[in-house]
Amino acid sequence: MPRTSAKRLSLRAICISVVTFTTVAVTAGVAWAAYTDNMYPTQYLTVGCFSISGPSGPGFCQTDNSDLTYYMDSGGSNMLESGDRTVVHNVMNNIYEPTDLSVTYDSTPSFSGSAETDIVYEESAVGLSSTADGATFCNNAATTLKCDQQYIRIRGGGHYRQGLTCHETGHAVGLTHGQDASPRKSNTDEKLGCMEKPTDADEGLQANNIENINATY
Ligand SMILES: [Zn+2]
């Protein structure tokens, strides 16, 4: 679809600051009666999908297709501990797999080529703003809309909870905050499920997010 080449605004892929957009000519959007369209791009969020090396860069993306593979960093300083791994597996198996996405753990991840593992989870605070407990960024954009591989970075110290993992995974498949949805909603609207910001610890997707995912993938 034709897309606006948006300015490289330095927002988040993420959960940090609210950005005001002045341009908007989006042909995307979903023609069905969901509560709100919070699948990127929306009328209010058109920043573009870029390959970046850390969470402070610009961009917002969908994942590249409905086969959603994921990996958890299993060694070194960004490794997820056992309890964190259980949380991520539960979110993927119990919250995302029931959608139209087909979710698979990739124990032999790919970090190059055209079929990289879609989401890599890390436990790290590197590059996170002081007010964010997690972030999502694309390190290999497939198009200006879709990303071949996204990183989810969540702080240590017990921040790998269901709600935040669901939230950042939502960003990785294209879900936005309420303020970027069309029509706009409060970031704390309960109907946004785990895409609420701030995010409740035990939140799941809820109907609106599921409808947006299934209409896209
Ligand atoms: Zn967020």
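Quick check on segment 137-154. Is at least one of its residues over 17 Å from LEU101 (Cα atoms), basic (Lys, Arg) and part of a loop (DSSP other than H, G, I, E, B)? Within segment 137-154 (the criterion being over 17 Å from LEU101 (Cα atoms), basic (Lys, Arg) and part of a loop (DSSP other than H, G, I, E, B)), the answer is no, since none of the residues qualifies.
Under the condition of being more than 16 Å from the ligand (Cβ to nearest atom) and closer than 18 Å to GLN62 by Cβ, which residue from segment 191-212 is farthest from the chain's Cα centre (by Cα)? Only one residue fits best here, namely GLU211.
Given the criteria touching a residue at least 12 places away in the same chain (Cβ under 8 Å), within 14 Å of the ligand (Cβ to nearest atom) and more than 20 Å from THR188 (Cα to Cα), does LEU128 qualify? So LEU128 passes the test. For segment 78-118, a tally of residues being surrounded by fewer than 17 Cβ atoms within 10 Å (Cβ to Cβ), farther than 22 Å from SER51 by Cβ and among the polar types (S, T, N, Q) returns 9.
If you go through segment 175-192 and keep only what is surrounded by fewer than 24 Cβ atoms within 10 Å (Cβ to Cβ) and not β-branched (Val, Ile, Thr), you end up with GLY178, GLN179, SER182, PRO183, ARG184, LYS185, SER186, ASN187, ASP189, GLU190, LYS191. Applying the criterion of being part of a loop (DSSP other than H, G, I, E, B) and not charged (D, E, K, R) to the residues of segment 125-136, the residue that is nearest to CYS194 (Cα to Cα) is ALA132.
Pairs linking a residue in segment 184-199 that is over 15 Å from TYR40 (Cα atoms) to a residue that is of a type in the set (A, V, I, L, M) and within 13 Å of the ligand (Cβ to nearest atom), with Cβ atoms under 7 Å and 6 or more positions apart or on different chains, are THR199/LEU164. When we screen THR169, THR108, THR188 for residues that are closer than 23 Å to ASP64 by Cβ, at pLDDT 95 or above and in a loop (DSSP other than H, G, I, E, B), the only hit is THR108. Taking segment 193-205 as the range and being closer than 20 Å to SER66 by Cβ and surrounded by fewer than 22 Cβ atoms within 10 Å (Cβ to Cβ) as the test, only GLY204 passes.
Could you go through segment 179-189 and let me know if any residue there is within 14 Å of the ligand (Cβ to nearest atom) and among the acidic types (Asp, Glu). Yes, that holds for at least one residue. Residues in segment 167-177 that are more than 10 Å from the ligand (Cβ to nearest atom) and not polar (S, T, N, Q): 3 in all. When the residues of segment 119-162 are filtered to those that are buried (at least 20 other Cβ atoms within 10 Å of the Cβ) and among the basic types (Lys, Arg), the one that is farthest from the chain's Cα centre (by Cα) is ARG161. Taking the criterion of being of a type in the set (Gly, Ala, Ser) and modelled with pLDDT under 95, the residues of segment 128-155 that qualify are SER129, SER130, ALA132. Suppose the filter is over 20 Å from ASN212 (Cα atoms), touching a strand residue (DSSP E or B) at 6+ places or on another chain (Cβ under 7 Å) and either outside any loop (DSSP other than H, G, I, E, B) or touching a residue at least 40 places away in the same chain (Cβ under 8 Å) (or both); does GLU122 pass it? Considered against the rule, which asks whether it is over 20 Å from ASN212 (Cα atoms), touching a strand residue (DSSP E or B) at 6+ places or on another chain (Cβ under 7 Å) and either outside any loop (DSSP other than H, G, I, E, B) or touching a residue at least 40 places away in the same chain (Cβ under 8 Å) (or both), GLU122 comes out as yes. Confirm whether SER114 is within 13 Å of the ligand (Cβ to nearest atom), modelled with pLDDT under 95 and among the hydroxyl-bearing types (Ser, Thr, Tyr). Here the answer is no, as SER114 does not meet what is asked.
Quick check on my filter: what residues within segment 155-173 are out of contact with any Gly (no Cβ under 8 Å at 6 or more places or on another chain) and over 21 Å from TYR96 (Cβ atoms)? Within segment 155-173, GLY156, GLY157, GLY158 qualify.
The values are calculated or read from the model by the stated rules, or taken from the named source; none is laboratory data. Values in this document were obtained by computation on a predicted structure and should not be read as measured data. We place every Cβ from the backbone using ideal geometry, glycine too, and count neighbours over all the protein chains shown.
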